[in-house]
Each structure stands twice: as structure tokens, then as C-alpha cells.
Amino acid sequence: MARRKDKCYATQLIEGNGRFNDKFSENIKLGESGSSYVVISIMGPQSSGKSTLLNHLFGTSFKEMRAEKGRSQTTKGIWLAKCANTEPYALVADLEGNDGRERGESDTAFEKQTALFALAISDVMIVNMWCHDIGRIHGANTHLLTIVFQVMMQLFSRDMHKKTIFFILRDKTKTPLNILKEQVNDHVKEIWNSTQKPRSLEGIPLNKYFNVEVDALSSYEREEQEFKNEVSSLKNKILQSISFDGHYRYQHWIDAATFSISVKQMWNTIKENKELDIPAHKIMVGTLRCEQIVNGKFESLKNQDWVELHKNIKSLDPSLFREKLITILNRCLSQYDNETIYFDESVRAEKRESLKEKARQLFERSYQGLLDHQRCITLSTFKKELDSALNGGKTFALSASDCSEHVMAKFDEICTDATIPQANWDSSGVRLQLKQDIGEYVTALRQIKLDECTKIYKKQLKEALTVPVKDSLHEADMNTWPTIKWYLQRETMSAVNGLSRELNGFDIDDKRKDEMLERLKDYARDMVEKMAKEEANGVLKHMHDRFLMLFTYESKNVPRILTENDDVKAIAEGSRKQCLKLLAVMAAMRLGDTVDNIEATLYLTLMNANGKDDSSTRTTSSDPLDKSTWEEDPTMKTLIAPSQCKTLWNKFQTDTEHIVNHANSVIQAKLMAKKAQEEADAANKKANQMAEQARREVIALKKEAEEAIKKAFEDAKIAKADAEQAKKAATVAERAYNEAVEKAKRGFWGRVLDYLIFKPFEWIVSQ
Ligand SMILES: Nc1nc2c(ncn2[C@@H]2O[C@H](COP(=O)(O)OP(=O)(O)OP(=O)(O)O)[C@@H](O)[C@H]2O)c(=O)[nH]1
């Protein structure tokens with residue numbers, strides 16, 4: 001627990017049992033102070049007014065013994081307070097009384113340890129002693145000084161830091177101060193000389209390593225006011241004892257965190273009775289602190305600048321990335337340099353390197369991330385460049401190697417651009433990965449291009465072979481297979497030569513090339529086989545068609561007109577023979593030079609020598625068609641198995657028999673029709689004769705009628721002429737009559753004449 005009074009907090013630094021208080025720095029708020037301070041310790045006999053003096057000197061709040069309770073031990077271990085009323089501020093340590101009274105004369109180990117510790121950490125060591133003890137050989141001060149000098153031996157040879165020992169004589173007597181000083185110096189010298197020293201320190205005066213100051217104070221208990229007045233000026237004397245030209249010689253210039261570590265490490269070393277090597281201790285503390293600062297800098301680097309950088313790694317240009325890294329690293333190192341300026345140079349430099357290395361390792365993650373991103377970009381670039389090179393007409397192998405070389409060189413530039421000085425980052429992993437990516441892409445693309453090439457030549461083969469092969473198969477005659485073979489060889493050779501030339505630009509080995517060419521040859525052959533199989537599958541229809549052609553046409557475009565005089569059976573057998581040839585052609589694929597006997601076998605087996613079908617009566621035991629293959633050598637391939645040929649032929653026979661029968665029926669029908677026609681013609685002839693007779697009779701009748709009409713006409717004409725004549729006569733008569741009437745009117749005789757002559761005359765005329 002810290003004792004508090006104003007701002008001068010006091011806390012236990014080392015407990016009476018030697019335990020170090022890790023929280024002392026926190027308790028006295030050391031972190032809030034700067035790195036400019038002095039350390040002042042006080043040691044002296046128990047209950048000699050140490051705490052009282054410090055409290056009055058520095059305004060601290062060390063626990064003081066209450067006078068009414070008698071003199072017993074108040075301070076255990078070491079207490080520490082931060083004194084704010086000095087400039088620079090003071091860290092004041094109050095030590096347990098070290099005259100062996102409480103712990104016993106024999107237990108001086110703890111006293112020595114605390115004394116050594118206080119001496120090591122302090123700029124000023126106040127030795128508080130009763131004035132009346134000066135010169136007393138067996139006084140408490142002798143024990144005290146012996147301890148001080150013994151522990152000093154451990155520091156002299158190693159710590160060149162000159163310290164002040166300030167003897168303060170309490171309850172001063174009337175003896176003048178200068179005499180007291182002499183006495184102290186003599187006394188100190190005496191003890192110094194009698195203190196056992198290492199050989200290296202023999203003969204060396206005390207003041208080489210220590211300033212010895214002496215002052216005396218009035219009794220606090222008896223002359224309090226004088227005491228207080230003297231304390232006020234004592235404070236200045238103490239501070240002046242460590243100042244030089246207005247500056248404090250012993251400003252520590254180490255931060256609170258370093259001080260905490262330093263004192264703890266020092267105490268641990270002392271407590272374990274190990275040799276206290278101050279320079280080594282400084283290096284150790286410096287190492288610890290530098291490491292802490294390195295870690296702190298690294299953490300802030302990792303959590304701030306680097307995070308930001310790493311987040312934007314994909315949008316950064318490699319050289320910009322490098323610039324940013326250098327800026328970040330320099331800023332971080334500069335901060336480190338500032339914060340570690342007062343530590344041992346070699347430690348600083350070493351830890352600076354470790355910070356650099358940590359930063360480099362951290363940055364390497366970004367570097368690798370950046371390279372990884374650049375690897376993807378480079379791969380895309382490679383793909384585009386390769387595409388463009390291929391479109392430009394370069395061969396695949398040349399395009400791939402040129403583009404690969406180009407982008408790899410660019411990638412190497414990127415790696416260099418992105419690297420910070422002395423980083424020695426390894427880009428080989430990403431580079432290897434990029435090479436693999438490019439290799440895989442090239443392999444895949446090569447396969448695609450090879451497939452495309454092969455496809456082109458397959459297409460060429462297909463286009464070149466389909467029509468002639470199909471036509472030849474359709475012809476299905478003795479020239480079919482030689483023709484197909486000729487086409488197949490010619491076109492295969494052409495395609496293989498073409499593909500072979502293309503493959504030369506792909507940088508593939510001869511074995512693979514040969515395999516591809518072989519596959520192209522196989523493709524051509526398979527294609528022919530496939531077409532042949534398709535054709536063979538429809539052989540029955542083909543045979544039907546051919547039979548119908550031969551049976552129903554005398555020659556091309558000349559239909560056969562069967563008459564009763566035609567030998568239908570012979571025509572049918574002749575047609576069948578041709579169909580058997582077709583079946584023989586389609587039974588097997590022959591692309592070799594072997595002459596086979598398929599046709600002969602089929603002929604002998606399926607048709608007898610007279611051209612008669614004998615298949616149904618042939619015994620199966622010796623049937624040469626009772627097998628599944630025609631293949632006599634590897635160049636042959638069965639398309640229609642022998643047994644299947646037999647089945648097909650039987651069906652063909654049955655089907656064509658219907659056609660033949662139908663043809664016979666047609667002939668019979670024709671004969672009947674002819675007969676009917678003849679009868680019809682005879683009937684017709686007779687009818688025509690009768691019609692002719694009738695016509696003649698009609699003509700005669702017509703002639704007669706015409707003559708009759710003519711005669712009648714002429715008679716009528718005559719009659720008409722007669723009538724005209726009569727009419728004229730009548731007119732004359734009428735005139736005569738009228739004249740007569742006129743005469744009659746004029747008399748009786750007129751009327752007689754009317755009745756006798758003129759009236760009858762009128763009647764005759766009217767008739
Ligand atoms: N005679 C005399 N007594 C003093 C003087 N200063 C303080 N005392 C008394 O001495 C007693 C012990 O005072 P502290 O300041 O506690 O002494 P201390 O050395 O810190 O004691 P420890 O921490 O126990 O070793 C108290 O009763 C004080 O009043 C002084 O100048 N003369």
C-alpha cells in the first residue's frame with residue numbers, strides 16, 4: 001500500500017522479507033513523470049530519524065516512529081517515494097535501519113543487500129548518523145560504514161558512475177562543522193583503509209569514486225525550528241552536490257518502465273548473491289527495454305500502418321508499395337531510435353536490427369501477397385500476349401516461349417521494384433508458382449489448340465471422304481473397296497501430312513506426334529468403317545432397291561415391260577445374282593490387298609450353280625456361312641456376319657418372291673386385258689361397220705332428201721314463176737276486171753260479169 005500525502009506518494013519497494021513490489025511504479029505513478037530525475041537514498045541506524053529527515057527534506061510521507069511509543073523499528077525493507085518539489089524530481093528511498101539491532105549482529109546479509117542495492121540505484125546516498133557516534137570505533141556507524149564500503153567494492157571496478165555520500169550528523173553538538181567534517185573524513189578514511197579490498201582497488205583513494213559531503217543538523221526533538229531551518233538549506237546542498245554547471249550530473253534519462261525493470265533485475269541479482277555487474281546490468285536492462293520498445297513499435301506497426309497497407313495491397317503499384325514500406329519502416333525506426341536513445345549503443349543497434357527484421361518479416365507477408373496478386377495479373381497478361389502472338393501467326397511453341405520469357409522478366413522487375421533495401425525477400429516461391437501456372441496454362445491451351453488442329457484435319461477428312469465413300473458403298477460393286485481404299489489412302493496421307501506440319505510448331509515429342517498422327521489415321525479408317533456399317537445395316541433395303549431396279553428396268557431409265565413372252569423367273573434370278581454381289585461387297589470392309597472369296601462362298605452357298613436358290617435345302621453341318629466373321633486378315637473387317645448374310649438372303653428371297661409373283665400376276669392380268677381388248681376391238685369394228693352402213697344410208701337418204709328438196713324447190717320455183725305469171729295475169733285480169741266493173745257499174749252487165757267472171761277469178765288467184 002502506498003502512503004499518500006499531497007503528491008509525494010510513498011510505497012514499499014522491497015518488503016522486509018526481501019520480496020520485490022512489482023507495483024511500486026504504478027503506486028507512485030512513476031509513468032506520469034519524465035525521464036529526468038535523481039535517486040536519493042538514506043541509510044543509517046534504526047530509529048535515527050531517517051524518515052523524519054526525508055519527510056522534512058522532500059515533503060514525502062514516510063512513516064515515522066511516534067516518540068511516545070519508544071524507539072522500535074518502523075521501516076522494514078525499502079520504501080520509495082516520488083518527490084515532486086525538487087527540480088528534477090527525486091525518487092527517494094528510505095532503507096530499513098541497518099545497525100543490526102532488530103535483525104541481530106549476525107544477520108547482516110539483508111542489510112548488505114539493501115545497502116548495495118541502494119548504492120547501485122542512487123545518485124546520492126545519505127548516511128544518517130548520530131553526531132556522538134563519530135570516532136566511536138564500536139559505534140553503530142562503524143558497522144554501517146563497513147557495510148557501505150564492503151558493497152562499494154563490488155561497484156567500483158564496474159560502475160564508473162561517480163556517486164555522492166552525504167554524511168548527515170544528527171543532534172549536532174557545539175563542535176564546529178569543519179571539525180566534524182574532519183572527524184568524519186578521518187573516521188571514514190580509517191574504516192576505508194581497514195576495509196578488505198580486492199587487489200585492483202588497493203591503494204586507491206575513496207574520493208576517486210565518491211564525493212564525500214558532511215553536514216550536521218540540530219535535534220529535531222529538542223530544537224525543532226533550527227532543525228527545520230537547517231533542513232531547508234540541506235536540501236539545496238544535497239542537490240548541489242550532484243549538480244555541475246547548473247545541470248544535474250546524474251539525470252538518469254531512462255523512462256519509468258526502464259527504471260522499474262532495472263531496479264527489479266538489480267535486486268534479484270543482489271538477492272541471489274550474484275555478482276552485481278552494473279554495465280552488464282545496464283545491457284541487460286537495455287536489452288529488456290529495447291525488446292519491449294521493439295515489441296511495442298512492432299505491435300503498433302502491425303496494427304496500424306501495416307494493416308492499412310496490407311488491406312490495399314491489390315491496388316498498389318509495386319514501386320509505390322516499396323516506397324510506402326520504406327516510409328513506414330523509417331518512421332517506425334525513427335520512433336525506436338528516439339525512445340532508445342539513452343540505452344547502450346550496441347544493444348540499441350542489435351534490437352534495432354531485430355525490429356527491422358520483424359518488420360521485414362511482417363512486410364514480407366504483404367510482399368508475398370503483392371507478388372501473389374501480381375502473379376495473377378502476370379498470368380492474365382501472359383494469356384493475352386500468347387493469344388495475340390498466336391493470332392499474329394507465330395507457332396505455338398515459339399509464342400509460348402517468347403511470351404513466357406517476356407512476362408517472367410517483367411515479373412522479376414516487379415519483384416525487384418517491390419523489395420525494400422537489404423530485405424532479401426524470397427520471391428522464388430511465387431515465381432515458381434507463376435512458372436507452374438504458365439506451364440499449366442500452356443499445357444492446357446496446347447491441348448486445346450492440338451485438338452482444334454486435329455479437328456480441322458478430321459473435318460477435312462470427313463468432307464473429302466464422305467461423298468466418295470458413300471457413293472462407292474452405294475454402288476456396291478467390284479470397284480467399291482478398291483475405290484474406297486484409294487480415297488482413304490489419298491485423303492489420309494493429305495491430312496496426316498498437314499497435321500504433321502502443324503505439329504512441328506507445337507514443341508511436342510516425336511512419340512506424342514506419332515500417336516496423334518496414328519489417331520488421325522484411325523479416325524479416317526473408323527469413319528469409313530462407320531459409314532460402311534451404316535450402309536451394311538441397310539443392305540436389305542439396298543438389295544430390294546437393286547432388285548426392283550434390275551427387275552423392273554431393262555436399263556437405266558428404260559422400264560421393263562413384261563409380256564407373256566418374258567421369262568420372269570430368269571429375269572428374277574439374274575437380278576438376285578446382282579443383289580448377291582451387293583451383299584458380298586457389303587459383307588466385309590476390305591482395305592487391304594487380299595483377294596477374298598466372300599462372293600463365291602455366298603454364291604455357292606445361297607444359290608446353286610444354275611442360279612437356283614438352294615439355301616433352304618442345304619445341310620447346316622457343312623454350311624460355310626455358319627460363322628460370325630469373314631476376317632481372314634487384319635485388313636478385313638466384318639460388316640455383315642456370314643450367318644447374318646444367310647438370314648438376310650432368306651428374307652430377301654421371300655420378299656422378292658412376292659415381287660416376282662406379283663409380276664407374273666400382272667402378266668396374266670395383261671393377257672386377260674389384251675384378250676378383252678381384242679374382243680372390244682372386234683365389237684368396235686363391227687359397230688363401226690354398222691355405223692358406216694348407217695352413215696351411207698343416211699347419206700343416200702340425205703341425198704334423196706336433198707334431191708327431193710331440190711326438185712320441190714324447183715317445182716316451187718316453177719310454181720312461183722307460174723304464180724308470178726298468174727299474178728301478172730291476174731293483175732292484167734284485175735285491171736281488165738276493174739275496167740269491166742267500171743263498165744258494169746255503168747250497167748247491168750257489169751254485175752253479171754262480177755258474178756260470173758271477176759269473183760271466180762279472185763278466188764282462183766287467192767288459191
Ligand atoms: N533525538 C532526536 N530524535 C529524533 C530526531 N529526528 C527524529 N527523532 C525521533 O526519532 C524517532 C524515530 O524517528 P524516525 O524518523 O521514525 O526514525 P527512523 O530512522 O526512520 O526509524 P526506522 O525507520 O525505524 O529505522 C522518532 O521518535 C523521532 O521523533 C532528531 O533529530 N533527534
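Summary of computed values
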| read-out | value |
| --- | --- |
| Sequence of Trp763, Trp79 when ordered by accessible area, the most exposed leading, probe 1.4 angstrom | Trp763, Trp79 |
| q = 0.20, 0.22 Å⁻¹, the stretch 296-404: log10 I(q)/I(0) [Debye, one scatterer per Cα] | -0.98, -1.09 |
| Computed lengthening from Asp417 to His132, 0.36 nm per intervening residue step minus Cα-Cα distance | 94.6 nm |
| Mean shadow area of the stretch 622-672 over all directions, Cα convex hull, nm² | 5.2 |
| Under 20 Å from the Cα of Lys324 - lysines, other chains or at least 8 residues apart | Lys297, Lys302, Lys311, Lys314, Lys356, Lys358 |
| Normalised per residue, the volume of the convex hull around the Cα set of the stretch 289-356 (Å³) | 69 |
| Solvent-accessible heavy-atom area per residue, rounded to whole Å², over the chain at 1.4 Å | 54 |
| DSSP-defined antiparallel bridges as percent of all bridges, the chain, nearest 5 | 45 |
| Share of carbon and sulfur in the accessible heavy-atom surface of the stretch 370-509 [1.4 Å probe, %] | 52 |
| Signed unit charges on C-beta, dipole axis of the stretch 439-482, positive-most listed residue Met478, Ile456, Gly439 | Gly439 |
| Cross-link partners of Lys727 among lysines (Cα-Cα below 18 Å; sequence separation of 8 or more within a chain) | Lys717, Lys759 |
| Heavy-atom accessible area order for Tyr336, Tyr755, largest first, 1.4 Å probe | Tyr755, Tyr336 |
| Angle in degrees between helix 140-156 and the longest Cα principal axis of the chain, rounded to the nearest 10 | 40 |
| Net charge, Cys415 excluded, C-beta distance under 14 Å - Lys, Arg +1, Asp, Glu -1 | -2 |
| Taking all pairs of distinct alpha-carbon atoms in the chain, Kirkwood radius in angstrom | 42.3 |
| Residue-level accessible surface for Asp655, protein heavy atoms, 1.4 Å, Å² | 40 |
| 18 Å Cα-Cα threshold exceeded, pairs from Lys556/Lys674; Lys174/Lys237; Lys470/Lys533; Lys485/Lys521; Lys162/Lys228 | Lys556/Lys674; Lys174/Lys237; Lys162/Lys228 |
| As computed over the stretch 337-384, the Cα convex hull volume per residue (Å³) | 68 |
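The values are calculated or read from the model by the stated rules, or taken from the named source; none is laboratory data. Worth saying up front: this structure is predicted, and the values here are computed from it rather than measured. With ideal geometry, Cβ positions are generated from the backbone for all residues, glycine too; neighbour counts draw on all protein chains shown. We work out accessible area using only protein heavy atoms, side chains counted, and drop any ligands, DNA or RNA first. Shrake-Rupley method; radii C 1.70, N 1.55, O 1.52, S 1.80 Å.
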